[in-house]
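Worksheet: one structure, shown below.
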Amino acid sequence: MADNNAGTPWHGTTIITVRKGDKVVVAGDGQVSIGDTVIKHSAKKVRRIGSGGAVLTGFAGATADAFALFDRLEKKLEQYPTQLTRAAVELAKDWRTDRALRNLQAMMIVADKDVSLVITGSGDVLEPEDGITAIGSGGNYALAAARALSDTEADAEQIARKAMAIAAEICVYTNDNVVVETLDAG
């Protein structure tokens, strides 16, 4: 995905969400790169937030910026409990209009039992039509793989893991050290 502020690609991760059957999954790789050097293999870019860990999140982009966004999203979820879409829209509005937030270079995938969303710094809050979306440098590879697998007997976690493995084989900024978080879908 492109950094909307500078127009340069974010090299460093693949995050995917797959919603199928009674499950929603967010998965992400663990590689952190600076330029063409791998700095870390086991970063955790996928986590649970909100009351009781009811929201799954994953980020692509600058780590410190993503943590700032996680914190802001948690505060929005406190204001709008069980309303992930409303919290995401409020975060996107702040992100777009606040001078300090506007410079953050990250994207987020968020999902709860009802909805999966991509939140961008340009003010977008996007819900995939098919329950599958991906971000990051390997996002398009994972997205294509997951869509191809979605008509198979594989469940959401199996699809996400296979899609991440395919992305790791193609994208040099994605590794196969995958963190997966799962929720029961509503």
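Of note:
- Residues located in the range 8-37, provided they are in a strand (DSSP E or B), closer than 19 Å to Ala167 by Cα and touching a residue at least 40 places away in the same chain (Cβ under 8 Å): Pro9, Thr14, Ile15, Ile16, Thr17, Val18, Arg19, Val25, Val26, Ala27, Gly28, Ser33
- Candidate set: the range 68-104, residues that are farther than 15 Å from Leu56 by Cα and among the β-branched types (Val, Ile, Thr); chosen: the one modelled with the lowest pLDDT: Thr97
- Among all positions in the range 144-157, there is no residue which is among the β-branched types (Val, Ile, Thr) and modelled with pLDDT under 95.
- For the range 47-66, the candidate set comprises residues that are at pLDDT 90 or above and in contact with a Ser or Thr (Cβ under 7 Å, 6 or more places away or on another chain); within that set, the residue that is surrounded by the most Cβ atoms within 10 Å (Cβ to Cβ) is Arg47.
- Residue list for the range 166-179, filter: buried (at least 17 other Cβ atoms within 10 Å of the Cβ) and among the aliphatic types (A, V, I, L, M): Ile166, Ala167, Ala168, Val178, Val179
- Residue check, Val179 β-branched (Val, Ile, Thr) and either touching a helix residue (DSSP H, G or I) at 6+ places or on another chain (Cβ under 7 Å) or at pLDDT 95 or above (or both): yes
- Residue in the range 58-81 that is part of a loop (DSSP other than H, G, I, E, B) and within 17 Å of Ser137 (Cα to Cα) present: yes
- Strands (runs of 3 or more DSSP E) enclosed by the range 105-180 - at least 3 residues per element that are at negative phi and in contact (Cβ under 8 Å) with a residue 40 or more places away in the chain: 106-111, 132-136
- When the range 108-154 is filtered for residues that are among the acidic types (Asp, Glu) and under 14 Å from Thr17 (Cβ atoms), the ones remaining, listed by number, are Asp112, Asp114, Glu127, Glu129, Asp130.
- Check on Gly30, surrounded by 16 or more Cβ atoms within 10 Å (Cβ to Cβ) and either over 17 Å from Thr120 (Cα atoms) or touching a strand residue (DSSP E or B) at 6+ places or on another chain (Cβ under 7 Å) (or both): yes
- Criterion: surrounded by 22 or more Cβ atoms within 10 Å (Cβ to Cβ) and at pLDDT 90 or above - qualifying residue of Gly121, Gly139: Gly139
- The residues of the range 37-54 that are aliphatic (A, V, I, L, M) and in contact with a helix residue (DSSP H, G or I) (Cβ under 9 Å, 6 or more places away or on another chain), listed by number, are Ala43, Ile49, Ala54.
The values are calculated or read from the model by the stated rules, or taken from the named source; none is laboratory data. Please read all numbers here as calculations on a predicted model, not as lab measurements. A quick note on method: Cβ atoms are made from the backbone with ideal geometry, for glycine too, and the neighbour counts reach across all protein chains shown.
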